[in-house]
1. Suppose we filter Glu331, Glu289 for residues that are among the acidic types (Asp, Glu), under 14 Å from the mean Cα position of the chain (by Cα) and in a helix (DSSP H, G or I); which single one remains?
2. It is to be established whether one or more residues within region 256-263 are of a type in the set (A, V, I, L, M), modelled with pLDDT of 95 or more and more than 19 Å from Ala318 (Cα to Cα).
3. Go through region 141-180 and give me each residue that's open to solvent by 80 Å² or more (accessible area, probe 1.4 Å) and either part of a loop (DSSP other than H, G, I, E, B) or at pLDDT below 90 (or both).
4. Go through Lys360, Lys350 for me and flag whichever is without any contact (Cβ under 8 Å) to a residue 60 or more places away in the chain, within 17 Å of the chain's Cα centre (by Cα) and under 26 Å from Val33 (Cβ atoms).
5. Does Lys87 fit the bill of being without any contact (Cβ under 8 Å) to a residue 12 or more places away in the chain and more than 28 Å from the chain's Cα centre (by Cα)?
6. Answer with yes or no whether Glu282 is open to solvent by 50 Å² or more (accessible area, probe 1.4 Å), touching a residue at least 24 places away in the same chain (Cβ under 8 Å), part of a helix (DSSP H, G or I) and not hydrophobic (A, V, I, L, M, F, W, C).
7. Look through region 6-28, keep the residues that are in contact (Cβ under 8 Å) with a residue 24 or more places away in the chain and either open to solvent by 80 Å² or more (accessible area, probe 1.4 Å) or among the aromatic types (Phe, Trp, Tyr) (or both), and return whichever of them is farthest from Leu339 (Cα to Cα).
8. When both residues are 6+ apart or on different chains and their Cβ atoms are under 7 Å apart, which pairs have a first residue that lies in region 58-71 and is closer than 23 Å to Tyr235 by Cβ, and a second that is modelled with pLDDT of 70 or more and polar (S, T, N, Q)?
Amino acid sequence: MSIETPVFKEEDYDSFCCLMQKCPDNCCHGWGVPLDDDALKRFRAEKGLFGLKLRLTIHGKEQKIFSPLSLSCPHLRPDGLCGLQKKKGEAFIAEVCRIYPRVMINYGPRAEFLLDLSCIHAASLFLSRGNTLLIPGKEEELPEQYGNNDEEAYFEKLLSSREEMSCRLRDTKGDAEGLDSLLRILLAGSRKLQDGLLKGGGEEEWALFGAKPCAKRLFPLPIADLNEMMSTCFYEEWLKYSLPFLYRICRLYYRRFDRLSYEKGERELMRLFEKHVAGKEELVSLFTEHIISVLLRRYLMSYEDYSPFRHVKEALLACNLFLLFYMLWSEKYGPPIPLTMAHILSVTEKRMFHNEYALKDLLAAVKL
């Protein structure tokens, strides 16, 4: 590890331990499992009937994926354990299976190691803490650098703006109206920043809090925008088999809103919000921390793609889906127990951030 690259880790990163067969919703379903080149070499070198069966489970256009239809991995055993790991050991399985839900990103000037909230256990840890904090850490080996940007001054500005956003968000202290007002400012500021970056703007473009606030309500988004989001490929009938818990929650949405006009749907949305969220400072603070968590995991990607507005928008949309599903569940069944809350969060994150088509559709559906 280069001594010039400081490492920061989520506080639960090193102590995280997979629940294995005790996991209430394991990571071996709901997505295709990408196979790294080293794993493919190991799999193709296996001989006999085991090797033949193993190779027959590899699919995709480039023959680099398990479970292409997002159903359960073909090597998931009935007891919830990995058949490949059980037979050949942890070193044999694909890299993504060994490290998940750990996310290791080396930006060059800084490396960050976090836990992906699409894992229900990681989501449970986040909900029990109520925040995501990064602390200095050590790592013997860093992953390959994300992208090839070497403008460290730009990176430091990104890092500073992310810190400022996080501090301002926490300063809302569970006030729903204050959070909505701040999000309008942040969204407008990040758009101004992105436009300035693409036009080669100067220092003044980094004034995140100087732009005219977005006119649209953002917490919660209007029902028209939520309807557009739920009309994308984020939801599809196939979820019944690949992510049945998410399918169940999405059906709650359609049963409640599908036959309502925009006007009646908006009134119903705000009724749910006032009943289940508004005025509950601890709960609003939790949704605020979820926004911060998404920013921690995705905002610095702007170092490569120069899209701070996109990544702020991603955090906003992810939070609104989590908020919507929380309200729907609470109205139907009462406030969710901690494990159910973690389940709602994890399946939302899995579908949004681990399906490039769903994420692309969601971003295009909401005009901000």
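The values are calculated or read from the model by the stated rules, or taken from the named source; none is laboratory data. Every value quoted in this text rests on a predicted model; they were computed, and no experiment measured them. Note that each Cβ is placed from the backbone with ideal geometry, even for glycine, and that neighbours are counted across all protein chains shown. When the accessible area is computed, the model is the full protein with side chains, heavy atoms only, and any ligands, DNA or RNA have been set aside. Shrake-Rupley method; radii C 1.70, N 1.55, O 1.52, S 1.80 Å.
1. Numbers: Glu331 fails: under 14 Å from the mean Cα position of the chain (by Cα).
Result: Glu289 is the single residue among Glu331, Glu289 that is among the acidic types (Asp, Glu), under 14 Å from the mean Cα position of the chain (by Cα) and in a helix (DSSP H, G or I).
2. Step one: list which residues in region 256-263 are of a type in the set (A, V, I, L, M), which gives 260.
Restricting the remaining residues to those that are modelled with pLDDT of 95 or more gives 260.
So of that shortlist, the ones also more than 19 Å from Ala318 (Cα to Cα) come out as 260.
The answer is yes, given that some residue of region 256-263 is of a type in the set (A, V, I, L, M), modelled with pLDDT of 95 or more and more than 19 Å from Ala318 (Cα to Cα).
3. Glu141, Glu144, Asn148, Asp150, Glu151, Asp171, Lys173
4. So the residue among Lys360, Lys350 that is without any contact (Cβ under 8 Å) to a residue 60 or more places away in the chain, within 17 Å of the chain's Cα centre (by Cα) and under 26 Å from Val33 (Cβ atoms) is Lys360.
5. On the way: without any contact (Cβ under 8 Å) to a residue 12 or more places away in the chain: no; more than 28 Å from the chain's Cα centre (by Cα): yes.
Judged against the criteria, Lys87 is not a match.
6. On the way: open to solvent by 50 Å² or more (accessible area, probe 1.4 Å): yes; touching a residue at least 24 places away in the same chain (Cβ under 8 Å): yes; part of a helix (DSSP H, G or I): yes; not hydrophobic (A, V, I, L, M, F, W, C): yes.
Spelling it out, Glu282 is indeed open to solvent by 50 Å² or more (accessible area, probe 1.4 Å), touching a residue at least 24 places away in the same chain (Cβ under 8 Å), part of a helix (DSSP H, G or I) and not hydrophobic (A, V, I, L, M, F, W, C).
7. Initial filter on region 6-28 (in contact (Cβ under 8 Å) with a residue 24 or more places away in the chain): 6-14, 16, 18-28.
If we keep only those that are either open to solvent by 80 Å² or more (accessible area, probe 1.4 Å) or among the aromatic types (Phe, Trp, Tyr) (or both) too, we end up with 8, 13-14, 16, 20-22.
Working: Phe8: 28, Tyr13: 20, Asp14: 22, Phe16: 17, Met20: 16, Gln21: 16, Lys22: 13 Å.
Of everything passing the filter in region 6-28, Phe8 is farthest from Leu339 (Cα to Cα).
8. Once the first residue is closer than 23 Å to Tyr235 by Cβ and sits in region 58-71, its partners that are modelled with pLDDT of 70 or more and polar (S, T, N, Q) give Ser70/Ser242; Leu71/Ser242.
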